Structures are given as C-alpha cells and as structure tokens.
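Okay, structure first, notes after.
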Amino acid sequence: MSTAPISTTLRPESQESRESRKGRTGSRKRRGSAERPAWMEQPNPAAQTLKFIVIVAMIVAVGYPFLLAIGTSLSSKAELAANGGYVLFPSHPTLEAYRVVLSGGVITRAAVVSIGVTVIGTALSLLCTIALAYGLSRPRTFAGKPLLLIVVGTFLFTPGIIPNYLVVQELGLLDTYGAMIAPILLNAFNIIVVRAFFQGIPDELHEAARLDGAGELTILCRIVLPLSKAVIAVVGMFYAVTYWNSFFNAMLYINDPDKLPLQVVLRSYVLQGDTFNAKALGVSVLPASTALSMAVLILAVLPIIAVYPFLQKYFVKGVLTGAIKA
Amino acid sequence: MSAAASASPTPTSQNPPDLPHEAPGTSGRKKASGTKGTPGRKGRKPAERRSLRERLRQDRTLLLLCVPGILYFAVFFYLPLAGNSIAFQDYQPYLGFKGSPLVGWDNFKALLEQPEFWTAVWNTLKISAVQLILYFPAPIALALFLNSLISNKTRRLMQTVVYLPHFLSWVVVVGMFQQVFGGAGTVTSYLNDHGVHVGNIMNNPDTFIYLITSQSVWKDAGWGAIIFLAAMASIDTSLYESAAMDGAGWLRRMWHITLPGIRPVMIMLLILRLGDILSVGFEQILLQRDNVGRDASEVLDTYVYFHGVVDGDWGMSTAAGLMKGVIGFVMIVLANKFAHRLGEQGVYQ
C-alpha cells in the first residue's frame with residue numbers, strides 16, 4: 001500500500017465538499033431526475049455508450065477469471081477434456097474436486113495451517129497494534145516522540161532479505177509456525193491508522209473516566225475499544241489478508257512439508273505443475289487435475305471473498321485516515 | 001513500498017482541524033505547561049517539573065503497552081538493519097556474525113564485477129521504467145473514469161469490483177492469468193482456433209515486462225485509484241460549476257480543474273515510486289522466474305534471494321541488498337528536493 005500524506009489536498013476542503021454534495025442532492029430533489037448537477041451538460045449518447053462498454057469490460061476483466069476458476073473446479077474430467085482444459089459453465093456440476101481436496105490429504109493440511117496462522121497471527125497482531133497505538137496516542141507520554149519515531153522510521157528503509165533471514169535463523173524460528181507470524185507481526189502503517197483513530201476520540205471521555213477512578217487499561221477496554229470497532233475491523237482485515245496471502249516467508253523459512261501453508265501448496269500445483277498424487281491427497285481415484293488446481297485456487301480465495309463485502313465500506317475510510325495522518 | 005511516508009515525524013502537531021481530539025482548552029493548556037518544562041498529564045496539576053522517576057511511574061501502563069510493539073520493531077526491523085553490516089564481512093554461517101572476518105569493500109567490488117548483477121540491475125530499471133509509463137497512469141485514469149460516473153450506485157458497484165483484486169495473493173493472480181493466457185488458457189486457445197498464434201504468453205521472455213505490468217494493473221490499479229478519488233472529491237464543485245458557466249466542456253474541466261487538483265497527490269506518489277525504483281514486484285517475479293528464464297526476469301530482489309539464501313553467498317548479496325536500500329533512500333530525498341524546488345509540497349517538508 002503506498003500511502004503518504006495528502007494532507008494539503010484533503011484537509012481544508014473536506015467541509016466544502018460535504019456542503020457541495022449536500023447542494024447537489026438538493027438540486028436533484030428539485031429537478032427530480034438523476035444526481036446530475038444543474039450546470040452539467042446533458043449526457044451525450046455516444047459518451048454514455050462508451051462508459052457502459054468500459055463498465056462492462058471492467059466487470060468482465062475482474063469477474064471472468066473467478067467464474068472460469070469456479071466453473072472449471074466444478075467440471076468433470078470428460079467435460080474438461082472435451083473443452084480443452086477449462087470450462088466456464090459446467091453442464092453437470094460436480095463437487096468431486098472439492099471432496100478430494102478436503103478429504104484430509106496435503107491440501108486439507110495446508111488449509112488448516114493457513115487458517116491457524118491467520119487466526120493466531122491476526123489476534124496477536126491486533127493485540128500488539130492496539131496496545132502500541134494506544135500507548136502512543138495519549139499526549140505527553142514519557143518518551144512518546146522517540147517511540148513514535150521508532151515506528152515511523154520503518155517506512156524509510158527496508159532491511160533486506162538476508163539480514164531478516166539471519167535474524168529468524170538466530171531466533172531458532174526456522175521451520176516453525178512462528179516464522180510465518182513473527183516477521184510480519186506489525187505494520188507501521190496499521191499502527192498509525194489505529195493511533196490516528198484513537199486520537200480522534202474526545203479527551204473529555206478520558207477525563208471523565210479518570211475522574212471516576214479508571215486507569216489507562218480500563219479506559220482502553222471500556223471506552224476506546226468499543227468506539228473503535230470499525231477501524232479495528234479494517235486493520236484486522238489487512239492483517240488477516242497479509243497472513244492468509246503470505247507466500248514468500250513460508251517459502252523462505254519453512255522446509256517441513258507438513259507445515260507449508262496453502263499459498264505455497266497452491267503454487268506448487270497450479271504454477272509449477274506438480275502432479276496431484278492420489279495417496280498424498282488421501283483418495284484412490286483423482287478427478288481432472290485442472291479441476292483440482294482450480295478447487296485449490298478457489299479455496300485460497302474463498303475467505304477473502306467471504307469477508308470482503310462486509311468490510312468494503314470501511315476500508316476506504318481506514319486507508320484515507322492513515323494516508324492523512326502518516 | 002510506502003517508503004518515505006515518515007513525512008512528518010510529529011503527526012500529533014498536524015492534526016486536521018476538524019478532528020476533535022485537540023479541543024481548544026487542551027491546546028491552551030499544552031502551551032502553558034510547555035513553557036514550564038515537563039508537562040503534566042491530564043487532570044493533574046501541571047505544576048513544577050516532575051522527576052524522571054515520577055513520570056515513568058505515572059506513564060507506566062502506557063509504556064508497558066508499548067513494549068511488545070517496540071520490541072517487535074527492534075528485533076525484526078532495527079536488528080536486521082544493523083545486520084546489514086555483514087555486507088562488509090566474509091560472512092560464514094558457522095563462524096557467525098562475530099567470528100566472520102571483516103573485508104571492507106571487497107564484497108561491493110566483487111559484486112560490481114559480476115555480469116549477473118548488472119543483468120539484474122538492467123532488468124530492474126527496465127521493468128521500473130515500463131511500469132512508470134504504463135502502470136503509473138492507470139490508477140489516475142481509473143479514478144477519472146470512476147469520478148465521471150454520476151450515479152452513486154454504479155460508482156459504488158464499480159469500486160467494489162475494482163478494489164477486489166488487490167486482496168488476492170500473487171500466487172492466485174498468476175494462477176488466474178495462467179488459466180486465461182497460459183499455453184492451454186482460454187484466450188490462448190480461442191486465438192489459436194481463430195488463426196492467431198500467440199504461443200504461450202506466460203512463457204514468453206520478450207513480452208515478460210508487459211505481462212507483469214498488466215498483472216500489476218489488474219491487481220492494484222483499483223486500489224491505487226482510492227487516493228486519487230479522495231483528492232478529486234475534495235475539489236470544490238463550484239469551480240466546475242463556474243467553468244461550465246463559462247462554456248468549458250468536460251475535457252477542459254478535467255484538464256484545468258481535476259488534474260491540477262490532484263497534482264500534489266500525483267507528485268507525492270511519483271516520488272514514492274522513484275524511491276522504489278529498484279524494487280519491482282518481488283513475489284510476482286519470483287513466481288514466474290522459472291517460466292521465462294533468468295535473463296528476462298532476474299531483478300535485484302531475486303538476485304539477492306538466489307545468491308544469498310539459495311547459493312549461500314551471504315556477504316555479497318547483502319551488499320547488493322544494502323546498495324539497493326541506500327539508493328532507494330537517496331532517490332526519495334533527491335526527488336523530494338526536486339519537487340520542493342518546483343514549488344510542490346512533496347512527501348515531507
């Protein structure tokens with residue numbers, strides 16, 4: 001995510017744009033037609049058609065690969081052979097490929113590893129992010145500025161692959177699940193986003209709670225967190241997606257085939273063309289290998305598709321808060 | 001990636017005015033206590049300078065909350081950063097960091113004499129240049145298009161569609177391209193059946209640059225458009241209105257209002273891109289390196305990985321990584337200076 005300050009462009013005008021939007025909806029009511037502002041010229045049919053074509057093209061460009069993967073994963077061997085390898089709309093959909101993939105072999109195992117790493121990793125990441133962001137969000141904390149600089153400084157430079165590898169090795173994390181979590185536990189950008197949100201919570205709430213005798217921890221848990229559900233959901237999703245999609249760290253640090261996550265397994269079957277082995281998958285007869293590959297691919301995409309619609313309305317806001325603050 | 005977003009080291013002092021966190025009373029108190037030296041915490045007497053010990057005791061919960069996170073950055077960022085010093089060593093894993101002999105600049109000298117290194121540098125720069133020309137405008141064009149959609153419903157639908165690929169892993173993206181453009185891919189087969197022989201696009205070293213650029217566009221152009229859309233939303237609509245009154249068509253309005261309005265964001269992202277000029281889609285290229293061969297796809301990051309972790313040439317590949325980091329850092333600083341000279345805001349002040 002490339003993000004950085006766009007403060008000048010965003011800050012001063014936000015009020016105006018909100019007003020003008022109000023004005024626009026107002027004019028819409030008066031005119032009773034679409035949300036087209038009064039000053040804009042009437043739509044030109046050629047331009048409208050062109051826009052429509054672009055819209056359809058974009059939907060096809062994004063949707064087609066998904067549909068193709070789903071269709072292929074649901075197809076039988078005979079149908080795939082007749083259609084040259086891939087099928088968009090199978091005539092007799094079968095869940096055979098999914099049954100095989102989830103029957104307890106290497107792929108099931110990899111999926112379980114991925115789920116475990118994602119769940120535990122996201123929980124740990126959120127815990128540390130919230131703690132650090134809160135610690136840095138209160139004004140005039142002892143050493144607050146140097147600590148913040150430590151976090152922000154990570155934007156400037158990347159340490160490089162080799163020193164990272166040596167640190168993980170020295171810590172004895174090679175070939176452990178920890179190697180898939182620890183090196184990507186925190187992300188400075190996410191911390192800045194959460195911190196910015198915490199700072200937006202009115203000071204009066206803190207003061208009132210403190211008068212009632214609440215300590216910082218109580219304030220964090222009882223007042224700040226319940227108010228920050230949206231930003232925590234977004235940042236949690238960013239972390240979860242990172243863990244779920246992480247491929248290079250596993251490839252770098254994990255040798256034990258039993259500990260490999262789904263992305264690495266997906267790569268070996270789909271991209272490197274490893275042949276599916278009936279025994280390793282825990283079944284006797286295999287469906288078509290393209291159907292199996294696509295079933296694994298869909299398995300790797302499914303959790304993301306499942307949470308995406310719920311979080312979509314929040315993440316733009318999350319990204320922009322971070323961008324303004326960073 | 002988000003390299004110099006460190007922009008303002010003290011974001012606290014730059015809060016947008018509409019954020020409630022600094023109520024007028026607060027800032028007043030801050031100023032008052034600031035003049036007295038050590039400021040007091042909320043709700044307590046901002047009286048005389050408190051001792052270090054007292055401040056530590058008072059902030060101990062907050063400081064304890066920071067410990068795990070700071071520890072993480074120390075171990076997984078600053079320690080490896082310091083670990084770059086093995087670029088000046090003949091590092092041997094069995095001798096370790098302390099036992100390996102210092103060799104000064106030897107690793108760098110040897111590196112610069114390696115033809116493979118120069119291939120990697122050349123490929124990296126080539127890919128960066130192509131992406132700068134073909135990828136960089138994509139999110140801007142997409143944002144302009146989305147911004148031109150008048151129906152809120154359609155716009156929201158399109159945003160949902162174009163943001164989605166950003167959340168897919170590179171393994172999935174390359175897998176999806178494979179099923180469409182691979183040797184047996186649907187588009188490839190269709191073209192072959194209709195007399196156009198394109199061969200296997202996924203394995204063609206000559207078009208590899210364009211392949212990975214189109215993958216980047218497919219995956220990230222939508223996500224990249226968010227920031228431009230936000231900048232466009234903050235442009236005062238009355239500008240458009242008066243321009244329309246004066247007879248400016250949509251093209252002129254775009255050229256004279258929209259584009260100047262998003263120029264600071266464009267320049268900022270361009271600067272960040274220049275800082276990243278030596279890192280081009282590491283995972284993406286690593287995944288497809290076997291398909292097109294080393295000559296077309298070896299970039300600095302893959303060079304470091306294969307020479308260091310795979311072949312065990314630790315010192316030299318760390319030297320390559322360090323050089324890359326330093327050049328990226330310098331590029332950002334220079335680009336930012338240049339932007340300031342042109343009267344732009346840049347990434348940081």
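The values are calculated or read from the model by the stated rules, or taken from the named source; none is laboratory data. Just so we're clear, the structure is a prediction, and the values are computed from it rather than from any experiment. Using ideal geometry, Cβ is built from the backbone for each residue, glycine included, and neighbour counts are taken over all protein chains shown.
Below is a table of values for the structure above.
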quantity	calculated
Which listed residue is closer than 23 Å to B:ILE133 by Cα, touching a Phe, Trp or Tyr at 6+ places or on another chain (Cβ under 6 Å), at pLDDT 85 or above and of a type outside the set (S, T, N, Q), from B:ASP295, B:ASP301	B:ASP301
Residue among A:LEU297, A:LEU302, A:LEU266, A:LEU292 that is assigned to a helix (DSSP H, G or I) and at pLDDT below 90	A:LEU292
Single residue of segment A:117-140 satisfying the filter (among the hydroxyl-bearing types (Ser, Thr, Tyr) and buried (at least 23 other Cβ atoms within 10 Å of the Cβ)) that is nearest to the chain's Cα centre (by Cα)	A:THR118
Helices (runs of 4 or more DSSP H) within segment B:227-322 that include 2 or more residues closer than 21 Å to B:GLY343 by Cβ	B:259-275
Top-ranked residue of segment B:212-270 - restricted to ones that are of a type in the set (Phe, Trp, Tyr) and in contact with a helix residue (DSSP H, G or I) (Cβ under 7 Å, 6 or more places away or on another chain), ranked as nearest to B:ILE285 (Cα to Cα)	B:TRP218
Number of positions in segment A:157-174 that are farther than 20 Å from B:SER279 by Cβ, touching a residue at least 24 places away in the same chain (Cβ under 8 Å) and not in a loop (DSSP other than H, G, I, E, B)	1
Test: residue in segment A:165-183 that is more than 7 Å from chain B (Cβ to nearest Cβ), crowded, with 17+ Cβ neighbours inside 10 Å, modelled with pLDDT under 90 and within 30 Å of A:PRO261 (Cα to Cα)	no
B:VAL130 buried (at least 20 other Cβ atoms within 10 Å of the Cβ) and either part of a helix (DSSP H, G or I) or not assigned by TED's automatic domain parsing to the domain that holds B:ILE262 (or both)	no
Test result for B:THR124, β-branched (Val, Ile, Thr), surrounded by 14 or more Cβ atoms within 10 Å (Cβ to Cβ) and more than 27 Å from B:TRP255 (Cβ to Cβ)	yes
Positions within segment A:92-145 being at pLDDT below 90 and either closer than 30 Å to A:ALA196 by Cβ or within 13 Å of chain B (Cβ to nearest Cβ) (or both), in sequence order	A:ARG138, A:PRO139, A:ARG140, A:THR141, A:PHE142, A:ALA143, A:GLY144, A:LYS145
Only listed residue being aromatic (Phe, Trp, Tyr), outside the structural domain of B:ALA225 (by TED's automatic domain parsing) and assigned to a helix (DSSP H, G or I), chosen from B:PHE73, B:PHE117, B:PHE145	B:PHE73
Members of segment B:234-262 that are among the aliphatic types (A, V, I, L, M) and free of Cβ contacts under 8 Å to residues at least 12 places away in the same chain	B:ALA244, B:MET245, B:ALA248, B:LEU251, B:LEU259
Count of residues meeting criterion [more than 30 Å from A:ILE161 (Cβ to Cβ) and either facing another protein chain (nearest Cβ under 7 Å) or surrounded by 17 or more Cβ atoms within 10 Å (Cβ to Cβ) (or both)] in segment B:255-282	8
Verdict on B:VAL173 being surrounded by fewer than 19 Cβ atoms within 10 Å (Cβ to Cβ) and either in a helix (DSSP H, G or I) or outside the structural domain of B:ASP295 (by TED's automatic domain parsing) (or both)	no
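Yes/no per residue for (1) of a type outside the set (Ser, Thr, Tyr); (2) in the same structural domain as A:VAL301 (by TED's automatic domain parsing); (3) within 20 Å of the chain's Cα centre (by Cα):
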| site | (1), (2), (3) |
| --- | --- |
| A:LEU186 | yes, yes, yes |
| A:ARG210 | yes, yes, no |
| A:SER228 | no, yes, yes |
| A:LEU271 | yes, yes, no |
| A:ALA288 | yes, yes, no |
